[in-house]
Amino acid sequence: MTVDDPAPPRYDAPLLPPDDPFYDAPPGFDALAPGSVVRSRPVDVALFGVIRQRITAWQLLYRTCDLDGAPEVSVTTVLLPWGAAARPRPLVSFQCAIDAVAPQCFPSYALRRGAWTLGSIAPLELPIIAMALEQGWAVSVPDHEGAGGRFGAAREPGYRALDGIRAALDFAPMTLTPTTSVALWGYSGGGLATAWAAELAAEYAPELNIVGAAAGSPVGDPAAAFVRLNGGWFAGFPAAFVAGLRQAYPELGPVLRDHLDARYRGLLGEAEERSTFALLLRFARRDVTRHLRGGMGELLAEPVLRRILADIEPGTRAPAAPLLVVQGVNDEVIAVADIDAHVRRYERAGATVRYLRVRRGSHLPLEFLIVPAILDWLTDRFAGIPAPTGTCTVASVARSPRALRTHVAFVRLALRMLAGMPIGGVSPERTSLRHSDSEHPHVVGDASVAVQMLSRCSR
């Protein structure tokens, strides 16, 4: 392992990943074990690329693999609370909702000071990441789509997240150990990456002490989402999905050339360069069937495409760690029926799943509304409390007194981030925690919102 001296980083506008030598794989890297750190550097994290955050951060280039097991490198941004003392602490791997192919959307770029972040999702999720740091936890934020932005590929996000965890545990300045308790967290495209990591962990990284995975709106059925979102306001997501898949599955290229006209193939090229929200604007209401020879049914009947769509569907393996899945009943992007089916596949495979269906809240706001429930659920997992199971449908996750206190703490945190104040330590507004001689925080205040809410109803 190579660890660079953690000298204070000089402020420069960062290069995009394809232009930054830090991302280049050195000769012989493929001989390293998965998760080995190839190189590291300290970085400045900033809110929307402008307001420098007082968060201790490094980037790690590490060895991982693609969906076929071929060695490659990827980058994770590892974070500690500002001025954190060296002591045992849990680690959260937070998978951002990248939902794009363009490198300006990769968290390792979009979270840095000086980055051009307009249209990227990762900067919007930085306050959520900061809430994890406020608990005193360490955080790893992997570029789970890899250097090529292979949005939608099977298994790869899981390999990259798990190897990013290995890299974080092995990186001396993080002061973590091989037995550190680890949790996974992500929403939407990040929720899908979290699901892949949870599914693959027992087989691919059995030495990791993963105690739980929280996946919000984790797509469930990518093929169904592609058909449903086509022609609507969110048609940019299917376009980015196809653009990513044709990089991960080269055999898809000839199929697309046979079925798509030149106009839409050109638009897919644009999709590889546009940020997430720019994609949504560019493709809003665009119906791919107007660009198809033979119609959607003929395209979906192609054997190559059918094999790929079967490959990218999650839920065929039972994660060894407990799962919390949260989904909006009226989500306008991800259909609740797809997540219902995803959870049923996990249950049939023998997984420990708590499924929270929320009637109120559209797709993007729900990511922030469920933060109190996820924080408390993860706190219970780190404390070794047995995970609840079963399905529960609730009207809202934001109206309990405890959830409201957490949302107030979240607003205060956002204001502190805007002011560039230190981020880290346990937030007294959210909960009272104490740390025993182990790394696990134990709840000594009122019962967690996760327990209160998730135990009120059963399947």
- prompt: Any idea which residue in the stretch 304-315 is surrounded by the most Cβ atoms within 10 Å (Cβ to Cβ), counting only those that are more than 30 Å from Val371 (Cβ to Cβ) and in contact with a helix residue (DSSP H, G or I) (Cβ under 9 Å, 6 or more places away or on another chain)?
  reply: Ile308
Counted residues, the stretch 357-374 - those being in contact with a Ser or Thr (Cβ under 6 Å, 6 or more places away or on another chain) and free of Cβ contacts under 8 Å to residues at least 60 places away in the same chain: 2
- request: Having 2 or more residues that are open to solvent by 10 Å² or more (accessible area, probe 1.4 Å) is the bar; report the strands (runs of 3 or more DSSP E) wholly within the stretch 9-102 that clear it.
  value: 37-42, 56-65, 71-80
query: Looking at the stretch 236-254, which of its residues are open to solvent by less than 30 Å² (accessible area, probe 1.4 Å) and touching a helix residue (DSSP H, G or I) at 6+ places or on another chain (Cβ under 8 Å)?
result: Gly236, Pro238, Ala239, Ala240, Phe241, Val242, Ala243, Leu245, Ala248, Tyr249, Leu252, Gly253
task: Might you let me know whether the stretch 261-271 holds any residue that is open to solvent by 20 Å² or more (accessible area, probe 1.4 Å), under 30 Å from Ala168 (Cβ atoms) and part of a helix (DSSP H, G or I)?
output: no
Some residue of the stretch 227-235 being open to solvent by 20 Å² or more (accessible area, probe 1.4 Å) and under 17 Å from the mean Cα position of the chain (by Cα): no
- prompt: Counting just the residues of the stretch 159-196 that are aromatic (Phe, Trp, Tyr) and in a helix (DSSP H, G or I), which one comes out least open to solvent (accessible area, probe 1.4 Å)?
  reply: Trp196
field: Residues that are open to solvent by 80 Å² or more (accessible area, probe 1.4 Å) and in a helix (DSSP H, G or I), drawn from the stretch 391-421
entry: Pro401, Leu404, Arg405, Val411, Arg412, Leu415, Leu418
query: Does any residue of the stretch 117-125 turn out to be open to solvent by less than 10 Å² (accessible area, probe 1.4 Å), of a type outside the set (Phe, Trp, Tyr) and touching a Pro at 6+ places or on another chain (Cβ under 6 Å)?
result: yes
query: Taking the stretch 289-304 as the region of interest, how many residues are among the aliphatic types (A, V, I, L, M) and within 16 Å of Arg246 (Cβ to Cβ)?
result: 4
Any hit, the stretch 198-218, residues being aromatic (Phe, Trp, Tyr) and either part of a loop (DSSP other than H, G, I, E, B) or surrounded by 24 or more Cβ atoms within 10 Å (Cβ to Cβ) (or both): no
task: Spot the failing condition for Gly244; the list is (1) on the phi < 0 side of the Ramachandran plot; (2) assigned to a loop (DSSP other than H, G, I, E, B); (3) not hydrophobic (A, V, I, L, M, F, W, C), and only one is missed.
output: (2)
statement: Listed by first then second residue, the pairs whose first member lies in the stretch 403-430 and is within 16 Å of Leu79 (Cα to Cα), whose partner is modelled with pLDDT under 95 and open to solvent by 10 Å² or more (accessible area, probe 1.4 Å), with beta carbons under 8 Å and at least 6 positions apart or on separate chains, are Pro422/Gly83; Gly424/Gly83; Gly424/Ala84; Val426/Leu433
- request: Starting from the stretch 222-241, keep only residues that are more than 22 Å from Gly315 (Cβ to Cβ), then list their pairs with residues that are surrounded by fewer than 17 Cβ atoms within 10 Å (Cβ to Cβ) whose Cβ atoms are within a distance under 6 Å, requiring at least 6 positions of separation or different chains.
  value: Gly231/Asp287; Trp233/Ala284
task: Considering each residue of the stretch 82-113, count those that are out of contact with any strand residue (DSSP E or B) (no Cβ under 7 Å at 6 or more places or on another chain) and either in contact (Cβ under 8 Å) with a residue 24 or more places away in the chain or acidic (Asp, Glu) (or both), and give that number.
output: 14
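The values are calculated or read from the model by the stated rules, or taken from the named source; none is laboratory data. Just so it is clear, the structure is predicted and the values come from calculations on it, not from any experiment. Note that each Cβ is placed from the backbone with ideal geometry, even for glycine, and that neighbours are counted across all protein chains shown. For the accessible areas, the whole protein counts, side chains as well, though only heavy atoms, and no ligand, DNA or RNA atoms are used. Shrake-Rupley method; radii C 1.70, N 1.55, O 1.52, S 1.80 Å.
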